[in-house]
Amino acid sequence: MRLRKPSAGAGLLEVYMVKRVWRTLAILVTVVTLFGATILAIGVGQVSIPPDTTAAILLSKVPPLNLIFNHNWPTSYEVIVMEIRLPRVLLGILVGAALASSGAVMQGTFKNPLADPYVLGLAAGAVFGASMSMVLGLSLGVGFARYSTPFLAFIFTLLTAFLVYSIARVGKKVPTSTLLLAGIAVGTFFWAINSFIQYLAGERLQAVIFWIMGGLWPASWEDVALSAPPIILGIALIMLFSKHLNAMLMGEEVASSLGINVDFALKALIVLSALIVASAVAVSGTIGFVGLVIPHMLRLIVGPDHRVLLPTSCLFGATFLVLADLVARLVVAPAELPVGIITASIGAPFFIYLLRTKKKAIGLGGRLVS
Amino acid sequence: MNKAMAVCGALALTILLMISVIPQAKSTPSFSTSSEIVVKDWRNKDIVLPKVPDKIISLATPSTIILYALGAGDKVIGVDKYSIDYVKAGLSAFKGSPGNQSYYEKLCEEVPNKPNLGSSWTPSIEMIVNLEPDVVFMYYYSTTEENIRKLEDKGLIVIAIGAKNFDDIHNLIISIGRVVDRESEADNLIGEIESRLGKVSESVKDLPRPSVYHELTSQLATAGGDTFTNQIIEAAGGDNVFKNLTGFPVVNKEAIINANPDIIIFSSTNSIAVRALNEARDIVDVLLEERYEWRETNAVKSRRVYIIPAYYETYDQRFVIGVELMARWFHPTVLGIEERFEKPLPYIGPGDNTTIDIAGLILTHITFTAPYDKGINMTVMSIDQISPDVSLAPWEATSLNVPGFKIYTYKYLEVRLTPPADVNESKLHFYVEKSWLDEHEINETKVALFRWDETSQSWDKLSTKVVKVNETHVFYEAEFLGLSLFAIACLEALPTPPIWEQLWIWGSATVVMVLVAAVVLRYRIMKRS
């Protein structure tokens, strides 16, 4: 991982970076895949609605086109497409994108292949917030009661991140190894409290367990509206740090020699990542696996250059979650499976296949410094 | 060194000896087979009890409740934490249960103070062994099997219990009755359960079954066809839309909208129901706020969305109340219910009162006063407006009838709280159409509210006064104590019939004539002789 001469680093970096054409192509391909998956997931569901009706329902909502359609479909179809499937698919895109990009960022900053979006103990914090509302009945009060669980989950995720960050901070620096350990310690502590709350939960235990498994079933337009701004903004800002992440992989010395402020980048990335993870978790619970494995898959396919890795992870994470959710909806119809089961059972074999065929040691900067 | 070793060896030997003696002392067989009780438990294992047990531990809520319901509460020396939690919900959770109400009072009074011995999943074995019970009741699941074995290894007699349907609950009641030697109580309890179920099934058997979606948790977990909950829905004359699934599956939103249920039932522990109860708002409004996309379902459109207390669907005799409650929701017209109003009550502190506005019925509002010792909390109020022409048999009441009076019944009303709660002096504001008064030529001041008194099996007239009169309606206010079936009616003393239509006149006339004839005859005979 370490290079002898800092000056050589810059050169190597340039050589192994993916060319602009390929970058654009890779991103284009993932965009097209996501688009296809979105169309599929809106068109297919437990209730079979003819594709032309689905298309007509969707197009009739677009202002200039709505004049040419006469509403000759049952209202229930419109409700299903517009108020159940569409928000659910959009939420899947947002959550998948948030988890996968956060996973890529965490693996990059911690230079640890096991890092995932929840590495700072965020899952435990989120579950703590959610169970406070679900089991102990903490509520935002009349009028806002239904936002209690997402709100508390969001707040406690951010609080956990802040707590871990403050514990790990040494002067002005935040050593990544301390951060990782602090995350584990705080997470373990919160899990202990969570287990205790679950012990007390009684009849509400099932609600908590479902929340921990995560899922997109509760999706509504409100969830989309609440989570979209922080997630989109957060991901957009994270993209700006792709060069910093590349440099950080080369080690701090190289990075500083390239004139990159590693400390600032690290802090900004942790804050942004915590923000998007908190937003995603608030609306969907702690969905596992997406954030861990999608960045690795993309690293095996497109290489470790964060300028291409981040956008492709983000887009493919979205695609993957949307498709996994589609399977979760269909496989035991009219019942439904928790999406975490699908993400893991489809994702893991595919990941193993990639590991075997690519025959490359899985690392974070593998291709950068060979 | 040697000495120390010798001491150690002696100690070790003593301990070994003691250990080998203890099990022998314990396993002294009793030869008295005369009073032996044998029951089959849920594992299909024959459990042999040497005598009627005096000390019972119940690590399952159904067995705790049944033991008390059979009057064997005194023998219970320890319970599980769930029994304590359930009973803490208060006596209201047992009102209207089959069996003797005083036993349930005892249950609610005593169980919270019994030793808490964990649960069937996490029993505190030390404490259980220390209490030296004659028998332990435990839930039987794959997850409790190991704990049952552990207790049996300690030489305790464990009866594993479980239930999947109504018959299993009957069997459970019978076998607990045999264990505690209270078989006649058990028979009575089962008799009451069966007669109540029979009444419901008789009244719903030929009716079209409305489709029902029963949501247990807000994660859209519902009850499949092989569950106890499904059996309750069917017994009440409903048709579970997800009866083709098994267990308690989590279903898809699309599938629910596609199934388009006529009726939606929420468990009281479901977060939507909890919100409605906490905020004292109509469950349909809360549902629409949380899931606007359900607005097109039949149930929401016709506002047939209900909350059922979760304990009416557990494995004990209270399931009967669940069946009766659902039957009213599924088949209101067969019972003669014209209109229905249902809304969760806000919290009413002890001695406080609250007024609920009512729409759609012949009531304008109702004021409840909570008893001085206990507030009213997390309760759904429901009012059924019943046609005056129906039989009141389902309510176990007789029609309003007072000899010597002509009765004009306007409407019957049933005011209920679920779970039941006592109320203090409360007020009912109702109105009567003038056209009805005119039709029967009734003076508006003669209309009164009557209350069915269950204990005396009669109708009591309540103090009623006219508060307002407008062009079309007359408005009244009436005071009442305690909820029950009410009647709005007018009693009119029957006019005395004309003198020649009254029997006693003819009777006395006949008597007088006979007497006169007798005297005359006698006089004639005397005169002749």
Problem set entry | Shape of the range A:132-237, Cα gyration tensor, a/c cut at 1.5 | oblate
Problem set entry | Fraction of the pair-distance distribution of the range A:64-188 above 17 Å, Cα-Cα pairs, percent | 70 percent
Exercise. In the range B:368-442, what GluC sites (Glu not before Pro) fall in a loop by DSSP, with at most 16 other Cβ atoms inside 10 Å?
Worked result: B:E396, B:E425, B:E441
Exercise. A:F189 to A:S256: extension gain in nm, 0.36 nm per residue of separation minus the Cα-Cα distance?
Worked result: 20.5 nm
Exercise. Build a GNM of chain A with springs between Cα atoms under 10 Å: which of A:K267, A:K19, A:K243 gets the top mean-square fluctuation?
Worked result: A:K19
Exercise. Which of the lysines could a cross-linker bridge to A:K243, judged by Cα under 23 Å and excluding same-chain residues fewer than eight apart?
Worked result: A:K5, A:K19, A:K111, A:K172, A:K173, A:K267
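Nearest-5 percent of antiparallel DSSP beta bridges in the range B:246-369? Provide the component values of the computation, followed by the final result.
Working: 5 of 9 bridges.
DSSP beta bridges in the range B:246-369 are roughly 55 percent antiparallel.
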Exercise. Straight-line reach from B:K205: which aspartates and glutamates have Cα under 12 Å away, leaving out those fewer than 8 places along the same chain?
Worked result: B:E234
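Order of B:133-143, B:454-464 by packing, highest average Cβ count within 10 Å first?
B:133-143, B:454-464
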Exercise. Tell me, Kirkwood radius of the range A:308-357 from alpha-carbon pair distances, in Å?
Worked result: 11.8 Å
For this session: Return one number: the angle in degrees, 0 to 90 and rounded to the nearest 10, between the long axis of the Cα atoms of helix B:166-179 and the longest principal axis of the Cα atoms of chain B.
Result: 70 degrees
Exercise. If one computes the Cα centroid of the range A:312-341 and of the range A:117-171, what distance in Å separates the two points?
Worked result: 25 Å
Problem set entry | Percentage, to the nearest whole number, of Cα pairs in the range B:207-331 over 16 Å apart | 58 percent
For this session: Only helical DSSP H runs with n ≥ 4 go in: add -39500 (n - 2.57) per run for chain B, normalise by residue count and round the 222 nm mean residue ellipticity to 500 deg cm²/dmol.
Result: -10500 deg cm²/dmol
For this session: Could you work out the mean count of beta carbons from other protein chains within 10 Å of each residue's beta carbon in B:241-253?
Result: 5
Problem set entry | Extreme residue, positive dipole direction of the range B:37-199, given options B:G155, B:H170, B:S142 (C-beta unit charges) | B:S142
Problem set entry | DSSP bridge pairs, chain B: antiparallel proportion in percent, nearest 5 | 75 percent
Problem set entry | Estimated D of the range B:195-257 in µm² per second, where Rh is the Kirkwood radius over Cα pairs and Stokes-Einstein applies at 37 °C, 0.692 mPa s | 268 µm²/s
Problem set entry | Share of alpha-carbon pairs per 5 Å distance bin for the range B:333-495, given as whole % | 2, 8, 18, 22, 21, 16, 8, 4, 1, 0, 0
Seminar exercise, completed: Projected area averaged over all directions for the convex hull of the alpha carbon atoms of the range B:37-199, nm², comes out at 8.8 nm²
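Taking Rh as the Kirkwood radius, which is the inverse of the mean 1/r over Cα pairs, what is the Rg/Rh value for the range A:6-369? Please report the intermediate quantities before stating the final value.
Working: Rg = 21.3 Å, Rh = 21.4 Å.
Using Cα coordinates only, the ratio equals 0.99.
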Exercise. Considering only Cα-Cα distances, which of the following residue pairs are longer than 31 Å: B:K114/B:K427; B:K253/B:K427; B:K55/B:K164; B:K51/B:K164?
Worked result: B:K114/B:K427; B:K253/B:K427
Exercise. If you line up the Cα atoms of the protein assembly as shown on their principal axes, what length do they span on each, largest first, in Å?
Worked result: 165, 104, 48
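If we count every other residue with Cβ under 13 angstrom of A:I260's Cβ, Lys/Arg +1 and Asp/Glu -1, where does the sum land?
-2
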For this session: For a label point 7 Å from the Cα of B:Q502 along Cα→C-beta, name the residues of the range B:386-411 whose backbone N is under 17 Å from it.
Result: B:404-405
For this session: Over every pair of different alpha-carbon atoms in chain B, take the mean of 1/r and invert it; report that Kirkwood radius in Å.
Result: 27.5 Å
For this session: Any chance you could tell me what percent of the C-alpha pair distances in the range B:285-415 go past 26 Å?
Result: 38 percent
Exercise. Taking all pairs of different Cα atoms in the range A:201-290, averaging 1/r and flipping that mean, what Kirkwood radius in angstroms comes out?
Worked result: 15.3 Å
Exercise. Could you give the dipole magnitude of chain A about its Cα centre, charging the beta-carbon of Lys and Arg +1 and that of Asp and Glu -1, in debye to the nearest 20?
Worked result: 1420 debye
For this session: Calculate, for B:D187 and B:S435, the FRET efficiency according to 1/(1 + (r/R0)^6) with r their C-beta to C-beta distance and R0 45 Å; round to the nearest 0.05.
Result: 0.25
For this session: Using only Cα atoms, tell me the angle between helix B:183-204 and the longest principal axis of chain B; keep it within 0 to 90° and round to the nearest 10.
Result: 50 degrees
Exercise. Any idea what angle helix B:101-110 forms with the longest principal axis of chain B, computed on alpha-carbon atoms, 0 to 90 degrees, nearest 10?
Worked result: 40 degrees
Problem set entry | Estimated FRET transfer efficiency (A:I155, B:K205; beta-carbon r; R0 60 Å; 0.05) | 0.65
Exercise. For the charge dipole of the range B:384-502, defined by +1 on Lys and Arg C-beta atoms and -1 on Asp and Glu C-beta atoms about the Cα centroid, which residue among B:F430, B:G404, B:S391 has the Cα displaced farthest towards the positive pole?
Worked result: B:F430
Exercise. Mind checking the dipole of the protein assembly as shown: about its Cα centre, +1 per Lys or Arg Cβ, -1 per Asp or Glu Cβ, Debye to the nearest 20?
Worked result: 3600 debye
Problem set entry | Cα convex hull of the range A:41-103 - mean projected area over all directions, nm² | 5.1 nm²
Problem set entry | Distance between the range A:198-213 and the range B:87-108 - C-alpha centres, whole angstrom | 28 Å
Problem set entry | Cα lying deepest toward the dipole's positive end in the protein assembly as shown, options A:L216, A:L237, A:F320, charges on Cβ | A:L237
Problem set entry | Relative contact order computed over the range B:207-331 (Cα-Cα under 8 Å; 6+ residues apart), in percent | 28 percent
Exercise. Any idea what the dipole of the range B:207-331 comes to, in debye rounded to 20, about its Cα centre with Lys/Arg Cβ at +1 and Asp/Glu Cβ at -1?
Worked result: 180 debye
Problem set entry | Alpha-carbon centroid distance for the pair the range B:461-529 / the range B:117-162, whole angstrom | 70 Å
Problem set entry | Amide hydrogen neighbours beyond the local backbone of B:D352, cut-off 5 Å, H modeled | B:A370
For this session: In whole Hz, with x marking every Gly and Pro, tabulate ³J(HN,Hα) for the range B:212-226 from phi via Karplus 6.51 cos²θ - 1.76 cosθ + 1.60, θ = phi - 60°.
Result: 10, 10, 10, 9, 8, 10, 6, 7, 6, 7, 10, 9, x, x, 9
Exercise. Membrane-span-like helices in chain A: DSSP H runs reaching 15 Å or more (Cα, own axis), mean Kyte hydropathy at least -1.0?
Worked result: A:6-16, A:20-43, A:86-110, A:122-134, A:148-168, A:176-201, A:221-239, A:262-284, A:290-302, A:306-330, A:339-358
For this session: Mind giving me the FRET efficiency for B:V466 and B:V129? R0 is 51 Å, r the Cβ-Cβ distance, nearest 0.05 is fine.
Result: 0.10
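Values in this text are rule-based calculations from the coordinates and carry no lab data. Computed from a prediction, not measured in an experiment: that's the story for all the values here. As a convention, Cβ positions derive from the backbone with ideal geometry for all residues, glycine included, and neighbour counts pool all protein chains shown.
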